[in-house]
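**Student:** For reference, the structure I am asking about is given below.
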Amino acid sequence: MKNYERIIKSYFRSVREFNEFESVPRDFGTGDLLYSSEIHTLQVIGNNANINLTELAAKLDISKSGASKFTKKLIEKNLITKSKHLSNKKEVVFNLTEKGLIAYLGHEKFDKEVFASIYKILSRFDEKEKEFLESFLDELVLEVKKLNRK
């Protein structure tokens, strides 16, 4: 039981540290301070040209109203555009602006630099250990989601 407690405490300590890291807004080369939710929204749009709100919300794993809130902020900062889809005039789609592309590429570089140390740790594990870790974390997420529904 003691090992379980230590593992769980270590996991949640890492989550708290990561949440603190993510809570700090950063400039990715445009002069705008972007929160984690904003830059991740920008990343999804950059990876999926002409994405609509429903697809964006699904890829971010958030509600459509949450995705709408993030897109409004990014439009105000001139990082994305909102336009009618060419083949379906009722559908609204989002794309990066030139300024948005700068932030997108800046975040890509930032991710590589920041996560290099974590990738180094993971590189020490063999494939079975990585599969176990991924499986454990996936199951843990499902269990925590169940707790959130109670």
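The values are calculated or read from the model by the stated rules, or taken from the named source; none is laboratory data. All of these numbers come straight from a predicted model, not from anything done at the bench. All Cβ positions, glycine included, derive from the backbone under ideal geometry; neighbour counts span all protein chains shown.
**Student:** Filtering region 101-150 down to residues that are among the aromatic types (F, W, Y) and outside any loop (DSSP other than H, G, I, E, B), which residue is farthest from I8 (Cα to Cα)?
**Tutor:** Step one: filter region 101-150 for residues among the aromatic types (F, W, Y), giving 104, 110, 115, 119, 125, 132, 136.
Okay, now just the ones that are also outside any loop (DSSP other than H, G, I, E, B), so 104, 110, 115, 119, 132, 136.
Values: Y104: 34, F110: 29, F115: 22, Y119: 22, F132: 16, F136: 12 Å.
Per the stated criteria, the residue is Y104.
**Student:** I've got another one for you. Would you mind finding the one in K73, K59 that is touching a helix residue (DSSP H, G or I) at 6+ places or on another chain (Cβ under 7 Å), in a helix (DSSP H, G or I), closer than 27 Å to L137 by Cα and modelled with pLDDT of 95 or more?
**Tutor:** Details: K73 fails: closer than 27 Å to L137 by Cα.
Exactly one residue qualifies, and that residue is K59.
**Student:** List the number of the failed condition for K128; all other conditions in (1) surrounded by 13 or more Cβ atoms within 10 Å (Cβ to Cβ); (2) at pLDDT 95 or above hold.
**Tutor:** K128 satisfies every listed condition except (1).
**Student:** Report the residue count in region 28-54 for those that are touching a residue at least 60 places away in the same chain (Cβ under 8 Å) and within 17 Å of the chain's Cα centre (by Cα). Lay out the reasoning, then the answer.
**Tutor:** Step one: filter region 28-54 for residues touching a residue at least 60 places away in the same chain (Cβ under 8 Å), giving 28-30, 32, 34, 39, 42-43.
If we keep only those that are within 17 Å of the chain's Cα centre (by Cα) too, we end up with 28, 34, 39, 42-43.
Final tally of qualifying residues: 5.
**Student:** Could I ask something else about it? Could you list all residues from region 1-25 that are touching a residue at least 12 places away in the same chain (Cβ under 8 Å) and aromatic (F, W, Y)?
**Tutor:** Matches in region 1-25: Y11 only.
**Student:** Return the residues of region 22-67 that are surrounded by 14 or more Cβ atoms within 10 Å (Cβ to Cβ) and among the hydroxyl-bearing types (S, T, Y); say none if nothing qualifies.
**Tutor:** T30, Y35, S36, S37, T41
**Student:** Sticking with this one: Suppose we filter region 35-58 for residues that are of a type in the set (A, V, I, L, M, F, W, C) and under 19 Å from F18 (Cβ atoms); how many remain?
**Tutor:** At the first step, the residues of region 35-58 found to be of a type in the set (A, V, I, L, M, F, W, C) are 39, 42, 44-45, 49, 51, 53, 56-58.
Going one step further and asking which of them are under 19 Å from F18 (Cβ atoms), we end up with 39.
Looking only at that region, the number is 1.
**Student:** Return the residues of region 15-31 that are at pLDDT below 95 and not aliphatic (A, V, I, L, M); say none if nothing qualifies.
**Tutor:** R16, E17, F18, N19, E20, F21, E22, S23
**Student:** A further question on this structure: Given the condition touching a residue at least 40 places away in the same chain (Cβ under 8 Å), surrounded by fewer than 16 Cβ atoms within 10 Å (Cβ to Cβ) and closer than 15 Å to L42 by Cβ, answer yes or no: does some residue in region 74-96 qualify?
**Tutor:** no
**Student:** Any residue that is in a strand (DSSP E or B) and basic (K, R) - is there at least one of those in region 81-97?
**Tutor:** Filtering region 81-97 for residues in a strand (DSSP E or B) gives 81-84, 92-96.
Retained after the next criterion (residues that are basic (K, R)): 82, 84.
Yes, the conditions are met somewhere in region 81-97.
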